[in-house]
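The structure appears below as structure tokens.
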Amino acid sequence: MLGELSEEHEAFRAVVRDFAASEIEPHAAAWDRDHHFPVDTVLAMGDLGLFGLIFPEEYGGAGADFTSLCVAIEEIGRVDQSMGITLSAGVGLGANPIHHFGSDEQKQRWLPEMITGRALGAFGLTEPDGGSDAGATKTKARLDETTGKWVIDGNKSFITNSGTAITSVITVTARTDSGISCFLVPSGTPGLTVEPAYHKLGWHASDTHGLSLNDCRIDTDQLLGTPGDGFRNFLQILDDGRIAISALALGCARACLDAAVDYANERTAFGSTISRYQGVSFQLADLAVAVENARNLTYKAAWLKDNGRPFKQAAAMAKLYSTETAVDATRIATQIFGGAGFIEETPIVRFYRDAKVLEIGEGTSEIQRMVIARCLGLAL
Amino acid sequence: MNVIVCVKQIPDPALPGALDSSSNTLKRDGKLILDESDSYGVEMALQLVTAAGGGEVSLVSMAPNGEVSGLRTALAMGAAKAILVSDPALKGSDALTTAKVLAAAVQRLGGADLIIGATESSDGYTGTVPEQIAEILGLPSVTFAKKVTIDGSTMHIERQTEQGYDEVTSPLPALISVTAGVVEPRYPSFKGIMAAKSKPLETVTAADLGITPVGWDGAGQTIVNVSQAEARKAGEVIEDDGETFTKVVSYLENLKLI
């Protein structure tokens, strides 16, 4: 960890960049405009092995480190944030809980398809009345002694990848007699209703739905992990996810910086390119510093995780800083593009709309500050 | 079935190239990448070996500096091993010397059932090296292959022509040059990239292969001058006076296009 990734990570970055440039970038604007979730492209990302990077070879994964996943998410996110979050959520929220907490049978049943990108999993945590306060889960699960099935009732909000044509299973948190527990609810289970897709500010090509569970009955072997451990388990999942979202935000910020630099060198006003005006160049210089910081925080957190070191604080710092940098980057880039940054002909508009949610999803900036404050030993 | 692919590592075409004014050749000192036109040959070789149900793909390459990242890319795609002929003395080698060196590298690998090259490199464009290698090795050679199937010790080739394609049959072993776009080169996987790190990659000098003289000393050519291509002249502008279409029609008739 000397601020530089290995030769192999950089070689992999070049592959993902090529893939993103030819398979995603040319279509990103149209998918965004049409609110289209491109299943074929997700399958192609699966063929490239992106969904299986961090999982063991016995389930079809590559056994690679978390850093390699961050590289992939950053490069995909640099051309399309929607596909970046699809990858991040598919791995981090879909497959990761099953990999971490699932039984052998559960892993055998769900992981191979997710790892090859043939199927997507989702994580139903947030509720209409509980986002940041995830411990306030109102969804309930009770064991029906007569049928031997778990019966789940409740509602979930903003669940990524929950309604795609290839969604196979949704991990749902629910309150039980022993505390919050996690359950695997297969797509199509009677009583599970995937609500119509949201009309979102951004991430138009990403699949997001509310879920309602009404008398939704699942077999007892679909309980994920130990009953009552659900709260602790999803906090661990979210720590990983924060590094991934930081990488996604880094991709967004880099895209804006690169586009704004190119535009400032081309656009003329008052007899010279606008790059010559310090009002422009200094903003981009400051943004470059922020992007570099975001990069270092992201890959430092990934390195800590890969090396078995504590990384909770580093992940929160990376997520907080990178996502706020991404939002700043879209604002600065839009200002430098001027009117051209306000119309859909430039990708800057899409990044502007996509960035805001980075400060909200998988732990708001406020929650990250709480985590960091707690790590500092502050009495909260 | 064993296949050897001749691959070239070239300066990244996405970056601005520069000429060495003392030699009038392209500067190749920095990082080199796998020539995209060779990725088709690597992919075709991998597909042929898979179709044959066994064997392996090997690579031969030549570069004045010891760059291997382009070879690692091809190894990450699935090639099994590589020989890089790397020697400062190679700088300035002409096409024939390159062919002699690569032919010797092929022989060092013990030959193969099939040798594949691109029709031309993306930085030198001589377009002659594969056929020279075939001549040196005494192998039949088929240029511009766009589709290849193997049937025992016989190869059937669809050979691209201006009008269509020729159907050619050749005994093996043989050499073919493949055109760009004939197959879709695979993206190396992360596992492939990691595996490529430990695949055999032997670096030898031209002298190790017994090929001397090479480089400027062995070249039968001197690049005496390089000049800018002539700028394209501005086209004819026709103001529309309501009868413009007649001028457009007569212009096209003059070109015998209509």
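The values are calculated or read from the model by the stated rules, or taken from the named source; none is laboratory data. These figures come from a predicted structure and were not determined experimentally. All Cβ positions, glycine included, derive from the backbone under ideal geometry; neighbour counts span all protein chains shown. SASA here: full protein model, heavy atoms, side chains in, ligands and nucleic acids out. Shrake-Rupley method; radii C 1.70, N 1.55, O 1.52, S 1.80 Å.
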Shielded residues, segment A:1-33 - accessible-area loss of 30 Å² or more between chain alone and all protein chains, probe 1.4 Å:
A:GLU8, A:PHE12, A:VAL15
Pull out the extension gain between A:ASP262 and A:HIS199, defined as 0.36 nm times the separation in residues minus the alpha carbon to alpha carbon distance; nm, one decimal.
19.5 nm
Accessible solvent surface per residue of chain B, calculated while the other protein chains remain in place, 1.4 angstrom probe, Å²
53 Å²
Compute the distance from the alpha-carbon center of segment A:259-281 to that of segment B:27-81, in whole Å.
42 Å
Over all distinct Cα pairs, what is the inverse of the mean 1/r for the protein assembly as shown, reported as the Kirkwood hydrodynamic radius in Å?
27.9 Å
Counting only other residues whose beta carbon sits under 14 Å from that of A:GLY363, what net charge do I get with K and R as +1, D and E as -1?
-2
Separation between the B:ASN65 and A:ARG13 pseudo-spin-labels, each 7 Å from Cα along Cα→Cβ, expressed in nm?
1.9 nm
Taking the Cα atoms of segment A:93-204 alone, what are Rg (to one decimal) and Dmax (as a whole number) in Å?
14.2, 46
Placed amide H near A:ARG267: partners under 5 Å, 5+ positions off or other chain
A:ILE274
Would you calculate a helix-derived [θ] at 222 nm for chain A, using -39,500 (n - 2.57) for each DSSP H run of n ≥ 4 and dividing by the full residue count, to the nearest 500?
-16000 deg cm²/dmol
10 Å-binned pair-distance histogram of segment A:7-118 (Cα, whole percent)
15, 48, 29, 8, 0
Mind checking which aspartates and glutamates have their Cα closer than 14 Å to the Cα of A:LYS312? Skip sequence neighbours fewer than 8 apart in that chain.
A:ASP239, A:ASP240, A:GLU362
For segment B:144-258, give the percent of accessible area contributed by carbon and sulfur heavy atoms, probe 1.4 Å, rounded to a whole number.
51 percent
At q = 0.14, 0.18, 0.19, 0.30 Å⁻¹, base-10 log of I(q)/I(0) for segment A:266-325 (Debye sum, equal scatterers on each alpha carbon):
-0.52, -0.66, -0.69, -1.09
Explain nothing, just compute: Karplus ³J(HN,Hα) = 6.51 cos²θ - 1.76 cosθ + 1.60, θ = phi - 60°, for every residue of segment A:125-133 in order, whole Hz, x for Gly and Pro.
10, 5, 10, x, 10, x, x, 4, 8
Give the aspartates and glutamates whose C-alpha is closer than 20 Å to that of B:LYS81, dropping any in the same chain fewer than 8 places away, or say none.
A:GLU7, A:GLU8, B:ASP35, B:GLU36, B:ASP38, B:GLU43, B:GLU56, B:GLU67, B:ASP113, B:GLU202, B:ASP208
Take the residue pairs A:LYS107/A:LYS138; A:LYS107/B:LYS197; A:LYS300/B:LYS191 and return only those whose Cα atoms are more than 25 Å apart.
A:LYS107/A:LYS138; A:LYS107/B:LYS197
Checking the a/c ratio against 1.5 first, then a/b against b/c, what shape does the Cα gyration tensor give for segment A:122-174?
oblate
Classify segment A:205-286 from the C-alpha gyration tensor, please: rounded if a/c falls under 1.5, else prolate or oblate depending on whether a/b exceeds b/c.
prolate
Lysines with Cα under 19 Å of B:LYS247, excluding same-chain neighbours fewer than 8 positions away
B:LYS256
Can you tally the net charge around B:ARG159? Count Lys and Arg as +1, Asp and Glu as -1, for every other residue whose Cβ sits under 15 Å from the Cβ of B:ARG159.
-3
In the protein assembly as shown, what % of DSSP beta bridges are antiparallel (nearest 5)?
60 percent
Please work out the Cα center distance from segment A:1-25 to segment B:130-202, rounded to the nearest Å.
28 Å
Label zone at B:LEU15, where the point sits 7 Å out along the Cα-to-Cβ direction: segment B:58-84 residues whose backbone N lies under 20 Å:
B:62-74
Let me know the Rg and Dmax you get for chain A when you use only its Cα atoms, in Å.
20.9, 82
Return the loop-located chymotrypsin sites (Phe, Trp or Tyr not before Pro) in segment B:100-196 (DSSP other than H, G, I, E, B) with at most 13 other Cβ atoms within 10 Å of their own Cβ; answer none if there are none.
B:TYR125
What are the extents of the Cα atoms of segment A:111-152 along their three principal axes, listed from largest to smallest and rounded to whole Å?
35, 34, 13
If you roll a 1.4 Å probe over chain A with all protein chains in place, what percent of the accessible area is carbon or sulfur?
53 percent
What quantity of accessible surface, computed with a 1.4 Å probe and excluding non-protein components, is buried in total between chains B and A, in Å² to the nearest 100?
1000 Å²
Farthest toward positive dipole pole in segment B:1-49 [+1 Lys/Arg, -1 Asp/Glu at C-beta], among B:MET44, B:VAL7, B:SER22:
B:SER22
Going toward the positive end of the dipole of the protein assembly as shown, with +1 on Lys and Arg Cβ and -1 on Asp and Glu Cβ, which of A:PRO38, B:PRO173, B:GLY111 do you reach last?
A:PRO38
Relative contact order for segment A:61-213: what is it in percent, counting Cα pairs under 8 Å that are at least 6 residues apart?
22 percent
Counting pairs of alpha carbon atoms under 8 Å apart in space and at least six apart in sequence, what relative contact order in percent does segment A:231-375 give?
33 percent
When ligands, DNA and RNA are left out and all protein chains stay put, how many square angstrom of accessible area per residue does chain A have with a 1.4 Å probe?
42 Å²
Can you list the residues of segment B:180-213 that have at least 20 square angstrom less accessible area with all protein chains present than in their chain by itself, probe 1.4 Å?
B:TYR187, B:PRO188, B:PHE190, B:LYS191, B:ILE193, B:LYS197
Taking the Cα centre of each part, how many Å lie between segment A:81-124 and segment A:158-189?
12 Å
Amide H contacts under 5 Å for A:PHE123, restricted to residues at least 5 apart in sequence or on another chain and with H modeled in the peptide plane, are A:THR160, A:THR171
Contact order normalised by residue count of chain B, Cα under 8 Å, 6+ apart, percent:
23 percent
Across the Cα atoms of chain B, what radius of gyration and what greatest pairwise Cα-Cα distance (Dmax) are found, in Å?
21.6, 74
